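Only one structure is covered here, and it is reproduced in the block below.
The values are calculated or read from the model by the stated rules, or taken from the named source; none is laboratory data. Computed from a prediction, not measured in an experiment: that's the story for all the values here. Quick reminder, even Gly has a Cβ in these numbers, built from the backbone with ideal geometry, and neighbours come from all protein chains shown. Ligands, DNA and RNA are excluded from the accessible area calculation, which covers all protein heavy atoms including side chains. Shrake-Rupley method; radii C 1.70, N 1.55, O 1.52, S 1.80 Å.
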Amino acid sequence: MSVFNSKIPEGPLAQKWTNYKDHQKLVNPSNKRKLDVIIVGTGLAGASAAASLGEMGFNVKNFTIQDSPRRAHSIAAQGGINAAKNYPNDGDSVYRLFYDTIKGGDYRAREANVHRLAEVSNAIIDQCVAQGVPFAREYGGLLDNRSFGGAQVSRTFYARGQTGQQLLLGAYQALMRQVNAGSVKMYTRNELVEIVIVDGKARGIITRDLVTGKLERHFGHAVVLATGGYGNTFFLSTNAMGSNGSAAVKAFHKGAMFANPCMAQIHPTCIPVHGEFQSKLTLMSESLRNDGRIWVPAKKEDAEAIRAGKLKPTEIGEEDRDYYLERRYPAFGNLVPRDVASRAAKERCDAGYGVGTGLAVYLDFKSSIDRLGKDVIEGRYGNLFQMYEKIVDDNPYETPMMIYPAIHYTMGGIWVDYELQTNIPGLFAAGEANFSDHGANRLGASALMQGLADGYFVLPYTIQNYLADDIRMPRMTTEEKEFVEAEKAVKDRFEKLLSIQGNRSVDSIHKELGLVMWDFVGMGRNAEGLKKAIKRIAEIKKEFWTNVRIPGNKEGMNVELEKASRLADFIEIGALMARDALDREESCGGHFREEYQTGEGEALRQDDKFAYVSCWEYKGEDAEPALHKEELVYEFVEMLQRNYK
Amino acid sequence: MEKTINLTLKVWRQNGPKEKGRFETYQVSNISTDSSFLEMMDILNEQLVNDNQEPIAFDHDCREGICGMCSLYINGRPHGPDGEITTCQLHMRKFKDGETITIEPWRAAAFPIIKDLIVDRTAFDKIIGAGGYVSVNTGGVPDANAIPIARPAAEEAMDAASCIGCGACVAACKNSSAMLFVSAKVSQLALLPQGKVEAKRRAKAMVSKMDELGFGGCTNTGACEVECPKSISIAHISRLNREYLKSRLSE
């Protein structure tokens, strides 16, 4: 049962990572030069791993679909990055960050992984400051912190509303320094289209040059996937337009386990959907919940009048407003975790109290502006307010913002062990692409932490433990039959896509998939809906493979072909998400099964039956995937019902 | 309030870097004024696919104004008629019913056209690679609070650091100069103690790389600052010039 060997090191929780590092195998400097590492993706995880491995002397090949590594979607993270520095002296510690993350994840993550994440969090902040990341500072010159959902301490470091951008640029600059030094070779506008397995080990990839359309073979002693999440399965999400789950699907089809696919995060503060033409949803940082109060009208008739345009939110008195998060969760108020805040918004809107189109709630800054002054609020969120105004044409300093939940992040992903290695030897996954640290729900400001932890401080150690056994393995020529066959399979697939010549555009089919996902595999799920979704997705798959229309040919740049290839994979993921959600007969974190809730509408876990990681194994084109279970053993923390009241 | 408009679009089409380009005219109708400019382009492309024509290639990704990928030259202005935003945040309420909109790629020798509205901006990466970093490896760095940094310096560094590398400054400049882009990075790092150590070397290396890649010189017209979606100030160019001069004087 090698699949489930999560390779958790021995010893007390706080000693595991130290023990691992003390006893792992290392590669000496002269051997590093002889080893090639392929890293796919240049977001926080990919860029930091590529830069670090390059600095260490490995021969790195780094791939991105964008025109530059700096464009990866990590750049759009707004709010901040968590670390257990305890600079504000408010009681934080490595243990507390670990505990909050485990609890925030609704007890569905591995203890040892999460503790390691909390341990290395402080080094990330040190590293970024040394790179020249301009974090916010106090007048005394020291770093400032703010609070975030799911925590009672202020442990979030930030750079205005552009923290992801600044952290990514730090990693990107370190990466470009290595590119300039020749230790990393950068391949831009290149997409992974297949993973090459030789003798059971990952030994390379096939890529498509998105400018020329040419397929290329690349050898690596190890392959790292840092390709982000699969939120765009829903068509409308806060992900970038190009974000996709294709690398994960390629790994899945080659035998890698896909873990917890149903665990997707719906972010509570996004600009609401307002038309069928919409291509993308915009996130408003969770940090806004520090100073914004969320409410809907307390009276249904007021909500109706607002929807009809007969009443303005500013005309509703305090006594007629329902600050429902403060009402339901007095201890955490507007700072409850994302899953809780999202469901509470849906509950109010479903009950008929929504504003705007009916699927929106207010995020109001008036009391903070009265208390702190407009200047302070502008200093904290100026760029976010400007962005909101440009999109919605409304001034949030004067009238409350309207927000609604949207798909934002996927906690599920490729199964990895403690070393971030998949069940295919030599194939690693880092950042959002793996499933490892966030359980059933990710806390705010933890994605940046995990991406950089994996890339700067975990993978550079653990990958050596694997590569140390490979030092006698010479570079393989890409003329080997495995490479030739993999390229042939890819070529056939693209030709098949182009040969369909049906009647429907890629986007029209993707939108159809997105609606099915949102209706049945979104914020509220139930057995009947999920069964319907599985059936509908199978129909959409058939429609796609018989009726999609892709103009142009496979030579040269062909954006529709790229999109079609990714959509084919999203359809696979959508089906897997629905299947996994159907299997998991409990509510936990972002996965809410309507059949399993408390009398007060809170998520009800079934620890006796579902305290496991769902690992799905691909069984072939027409076969159902097989479910394996990695039991989650909690040695140090007691599984409790989450309580933010 | 939402309303809809009809538009005539004159769009630059070019099959490849070496091919000859031309303007093509398209009509779009019933465009919601609440849609973004790129959503309008999506609608046009959907229309083209349905007519079995090849859609227009344009760069875009985050659609939140931060990745720097979108890059359209709209009615003679990089990122179009609205201020302080990128093309993806431009909304159709800025246009009138019946208007003709001209859409072109960035035009600069250092940014060759790849296809239609997509240009190659890898020159920017090469400039960063030449020196746009602090030379520290992963690990072994001091505690983050070991060196206090005066808040005004940190804030000014952040102003400079907010550059998204879109290239609007180059597209706006009559000389196709990349001075605003280069100065933003030089300035950010020169303002911070971590970056000051190699400030001189950095300025020299980045400027000489910029010259080598075919960007023009700066003649202080200030168009870059006006069109920059992140309002990066040309005061950073002054700082770059000072840093550059210091590096030459110390040779």
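Can you tell me which residue within region A:178-200, out of those that are in a helix (DSSP H, G or I) and not polar (S, T, N, Q), is surrounded by the most Cβ atoms within 10 Å (Cβ to Cβ)?
Taking region A:178-200 first, the residues in a helix (DSSP H, G or I) are A:178-181.
In the following step, the residues that additionally are not polar (S, T, N, Q) were identified as A:179, A:181.
On the way: A:Val179: 22, A:Ala181: 11.
Per the stated criteria, the residue is A:Val179.
Look at A:Tyr362 and say whether it is away from chain B (no Cβ under 14 Å) and either part of a strand (DSSP E or B) or modelled with pLDDT under 95 (or both).
Against the criterion (away from chain B (no Cβ under 14 Å) and either part of a strand (DSSP E or B) or modelled with pLDDT under 95 (or both)), A:Tyr362 qualifies.
Counting only residues that are surrounded by fewer than 19 Cβ atoms within 10 Å (Cβ to Cβ) and in contact with an Asp or Glu (Cβ under 7 Å, 6 or more places away or on another chain), which one in region B:30-47 is farthest from B:Gln14 (Cα to Cα)?
Applying the filter and picking the extreme gives B:Thr33.
In region A:288-300, is there at least one residue being without any contact (Cβ under 8 Å) to a residue 60 or more places away in the chain, crowded, with 19+ Cβ neighbours inside 10 Å and either outside any loop (DSSP other than H, G, I, E, B) or β-branched (Val, Ile, Thr) (or both)?
yes
For region B:90-102, indicate whether the set of residues that are out of contact with any Pro (no Cβ under 8 Å at 6 or more places or on another chain), open to solvent by less than 50 Å² (accessible area, probe 1.4 Å), within 12 Å of chain A (Cβ to nearest Cβ) and under 11 Å from B:Phe37 (Cα atoms) is non-empty.
Yes, some residue in region B:90-102 is out of contact with any Pro (no Cβ under 8 Å at 6 or more places or on another chain), open to solvent by less than 50 Å² (accessible area, probe 1.4 Å), within 12 Å of chain A (Cβ to nearest Cβ) and under 11 Å from B:Phe37 (Cα atoms).
Name the helices (runs of 4 or more DSSP H) wholly within region B:105-213 that hold at least 1 residues that are away from every other protein chain (no Cβ under 11 Å)?
It comes to B:168-172, B:179-191, B:199-212.
The conditions are (1) modelled with pLDDT of 95 or more; (2) of a type in the set (S, T, N, Q); (3) more than 26 Å from A:Asp106 (Cα to Cα), and A:Asn260 fails exactly one of them. Which is it?
Of (1) modelled with pLDDT of 95 or more; (2) of a type in the set (S, T, N, Q); (3) more than 26 Å from A:Asp106 (Cα to Cα), only one is false for A:Asn260: (3).
Specify which of the listed residues (A:Gly413, A:Gly431, A:Gly426) is buried (at least 22 other Cβ atoms within 10 Å of the Cβ) and out of contact with any strand residue (DSSP E or B) (no Cβ under 6 Å at 6 or more places or on another chain).
A:Gly431
Where residues in region A:559-589 are in a loop (DSSP other than H, G, I, E, B) and charged (D, E, K, R), which of them is most open to solvent (accessible area, probe 1.4 Å)?
Among those residues, the one meeting the criterion is A:Glu585.
If a residue has to be closer than 26 Å to A:Lys214 by Cβ, without any contact (Cβ under 8 Å) to a residue 60 or more places away in the chain and of a type in the set (A, V, I, L, M) to count, how many in region A:488-542 make the cut?
Result for region A:488-542: 1.
Does B:Met92 fit the bill of being over 17 Å from the mean Cα position of the chain (by Cα), hydrophobic (A, V, I, L, M, F, W, C) and at pLDDT 95 or above?
yes
May I ask you to list the residues in region B:221-251 that are modelled with pLDDT of 95 or more and part of a loop (DSSP other than H, G, I, E, B)?
B:Thr221, B:Gly222, B:Cys228, B:Pro229, B:Lys230, B:Ser231, B:Ile232, B:Ser233, B:Ile234
Considering only residues that are over 29 Å from the mean Cα position of the chain (by Cα) and either part of a helix (DSSP H, G or I) or modelled with pLDDT of 95 or more (or both), which ones fall in region A:374-396?
Passing the criteria: A:Lys374, A:Asp375, A:Val376, A:Asn395.
Show the residue pairs meeting these rules: Cβ distance below 6 Å; 6+ apart or different chains; first residue within region A:467-487 and modelled with pLDDT of 95 or more and surrounded by 13 or more Cβ atoms within 10 Å (Cβ to Cβ); second residue hydrophobic (A, V, I, L, M, F, W, C) and in a loop (DSSP other than H, G, I, E, B).
Final answer for the pair search is A:Leu467/A:Val27; A:Leu467/A:Leu35; A:Ala468/A:Val27.
Being in contact with a helix residue (DSSP H, G or I) (Cβ under 6 Å, 6 or more places away or on another chain), open to solvent by less than 10 Å² (accessible area, probe 1.4 Å) and not aromatic (Phe, Trp, Tyr) narrows it down to one residue among A:Ala264, A:Ala256, A:Ala240; which is it? Outline the logic, then answer.
Working: A:Ala264 fails: in contact with a helix residue (DSSP H, G or I) (Cβ under 6 Å, 6 or more places away or on another chain); A:Ala256 fails: in contact with a helix residue (DSSP H, G or I) (Cβ under 6 Å, 6 or more places away or on another chain).
Of the residues listed, the single one that is in contact with a helix residue (DSSP H, G or I) (Cβ under 6 Å, 6 or more places away or on another chain), open to solvent by less than 10 Å² (accessible area, probe 1.4 Å) and not aromatic (Phe, Trp, Tyr) is A:Ala240.
Using the structure shown, decide if A:Gly41 is within 17 Å of the chain's Cα centre (by Cα) and open to solvent by less than 20 Å² (accessible area, probe 1.4 Å).
yes
Looking at region B:61-77, which of its residues are small (Gly, Ala, Ser) and open to solvent by less than 10 Å² (accessible area, probe 1.4 Å)? So that I can check it myself, show each step before the final result.
Initially, region B:61-77 is screened for residues small (Gly, Ala, Ser), giving B:65, B:68, B:71, B:76.
If the condition is that a residue be small (Gly, Ala, Ser) and open to solvent by less than 10 Å² (accessible area, probe 1.4 Å), then B:Gly65, B:Gly68, B:Ser71 are the ones that fit.
Given the criterion within 14 Å of chain B (Cβ to nearest Cβ) and closer than 27 Å to B:Ala130 by Cβ, identify the matching residue among A:Asp144, A:Asp126.
Within the list A:Asp144, A:Asp126, the selection yields A:Asp126.
Here are A:Arg189, A:Arg160: which of them is at positive phi, at pLDDT 95 or above, out of contact with any Gly (no Cβ under 7 Å at 6 or more places or on another chain) and at the interface with chain B (Cβ under 9 Å from one of its Cβ atoms)? Walk me through it before giving the result.
Values: A:Arg160 fails: at pLDDT 95 or above.
Just a single option satisfies the conditions, and that option is A:Arg189.
Identify all residues within region B:1-39 that are within 12 Å of chain A (Cβ to nearest Cβ) and of a type in the set (A, V, I, L, M); write none if there are none.
B:Met1, B:Val28, B:Ile31, B:Leu38
Taking only region A:77-100 into account, find how many residues are open to solvent by 10 Å² or more (accessible area, probe 1.4 Å) and part of a helix (DSSP H, G or I).
5
Could you tell me which residue of region A:381-399 is nearest to A:Phe252 (Cα to Cα), considering only residues that are open to solvent by 10 Å² or more (accessible area, probe 1.4 Å), more than 13 Å from every other protein chain (Cβ to nearest Cβ) and not polar (S, T, N, Q)?
If we take residues in region A:381-399 being open to solvent by 10 Å² or more (accessible area, probe 1.4 Å), more than 13 Å from every other protein chain (Cβ to nearest Cβ) and not polar (S, T, N, Q), then A:Tyr397 is nearest to A:Phe252 (Cα to Cα).
Please give the number of the condition B:Asp42 fails out of (1) in a loop (DSSP other than H, G, I, E, B); (2) within 8 Å of chain A (Cβ to nearest Cβ); (3) of a type in the set (D, E, K, R).
(1)
Any residue at all in region B:62-69 that is within 27 Å of A:Ala76 (Cβ to Cβ), at the interface with chain A (Cβ under 10 Å from one of its Cβ atoms) and among the basic types (Lys, Arg)? Walk me through it before giving the result.
Of region B:62-69, the ones within 27 Å of A:Ala76 (Cβ to Cβ) are B:62-69.
Pick out the ones that are also at the interface with chain A (Cβ under 10 Å from one of its Cβ atoms) and you get B:62-69.
Next cut, among the basic types (Lys, Arg) only: B:63.
Yes, because at least one residue in region B:62-69 is within 27 Å of A:Ala76 (Cβ to Cβ), at the interface with chain A (Cβ under 10 Å from one of its Cβ atoms) and among the basic types (Lys, Arg).
Give A:Gly514, A:Gly455 a once-over and let me know the one that is under 22 Å from the mean Cα position of the chain (by Cα), in a helix (DSSP H, G or I) and farther than 27 Å from A:Ala623 by Cβ.
Step by step, each of A:Gly514, A:Gly455 is checked, and only A:Gly455 is under 22 Å from the mean Cα position of the chain (by Cα), in a helix (DSSP H, G or I) and farther than 27 Å from A:Ala623 by Cβ.
Looking at region B:8-29, is at least one residue part of a loop (DSSP other than H, G, I, E, B), without any contact (Cβ under 8 Å) to a residue 24 or more places away in the chain, open to solvent by 80 Å² or more (accessible area, probe 1.4 Å) and of a type in the set (Lys, Arg)?
Yes, region B:8-29 contains a residue that is part of a loop (DSSP other than H, G, I, E, B), without any contact (Cβ under 8 Å) to a residue 24 or more places away in the chain, open to solvent by 80 Å² or more (accessible area, probe 1.4 Å) and of a type in the set (Lys, Arg).
Within region A:582-596, is even one residue among the aliphatic types (A, V, I, L, M) and touching a residue at least 60 places away in the same chain (Cβ under 8 Å)?
no
Restricting to region A:136-177, what's the tally of residues that are touching a Pro at 6+ places or on another chain (Cβ under 9 Å) and in a strand (DSSP E or B)?
Residues that pass the stated criteria total 3.
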